[in-house]
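The values are calculated or read from the model by the stated rules, or taken from the named source; none is laboratory data. Model, not experiment: these values are computed from the prediction. Cβ atoms come from the backbone with ideal geometry, glycine included; neighbour counts cover every protein chain shown.
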Amino acid sequence: MLIRVVRMTFQEEKVGDFLRIFDENKKKIRNSPGCRHLELWQDENQKNIFTTYSIWDSENSLNQYRDSELFKSVWIPTKTLFGDRPFAFSSKKIDELG
């Protein structure tokens, strides 16, 4: 299992555009082969900063999505809305306390 976190800072006037793109594609992304979970978070204090949190079966599953037409159709227009470079990383869960 792979956890993918992507933190994105948008131009303040472009937040609505990003939310529209995400809303139109979130179910398709979540239903991509190997995607087990998808969340969108908004920074509590800086309302133009969003983070996606997704869980994938494997790095291979994530890479297959990143090579897909769906990813290109979402990422290309999203990139034009950034106010700063995105920050992304992948991790694996070691422990969890409920």
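Brief remarks on what is shown
- Residues that are small (Gly, Ala, Ser) and either part of a loop (DSSP other than H, G, I, E, B) or free of Cβ contacts under 8 Å to residues at least 40 places away in the same chain (or both) were ranked within region 50-75; the one that is farthest from Leu2 (Cα to Cα) is Ser68.
- Checked against the criterion of being free of Cβ contacts under 8 Å to residues at least 60 places away in the same chain, basic (Lys, Arg) and part of a helix (DSSP H, G or I), the candidates Lys27, Lys47 yield just one match: Lys27.
- Any hit, region 60-73, residues being exposed (fewer than 12 other Cβ atoms within 10 Å of the Cβ), touching a Leu at 6+ places or on another chain (Cβ under 9 Å) and either at pLDDT below 95 or of a type in the set (Gly, Ala, Ser) (or both): no
- Residues satisfying the stated conditions in region 1-35, i.e. exposed (fewer than 15 other Cβ atoms within 10 Å of the Cβ) and of a type in the set (Lys, Arg): Arg20, Lys27, Lys28, Arg30
- Search result, residues across region 36-48 that are within 16 Å of Val74 (Cα to Cα) and surrounded by 13 or more Cβ atoms within 10 Å (Cβ to Cβ): Leu38, Leu40
- Test result for Thr78, at pLDDT 95 or above, assigned to a helix (DSSP H, G or I) and under 11 Å from the mean Cα position of the chain (by Cα): yes
- The residues on offer are Asp23, Asp17, Asp43, and the sole one that is of a type in the set (Asp, Glu) and within 28 Å of Ile94 (Cα to Cα) is Asp43.
- Within the option set Asp95, Asp84, being farther than 21 Å from Gly34 by Cβ, in contact (Cβ under 8 Å) with a residue 24 or more places away in the chain and over 14 Å from the mean Cα position of the chain (by Cα) holds for one residue only, Asp84.
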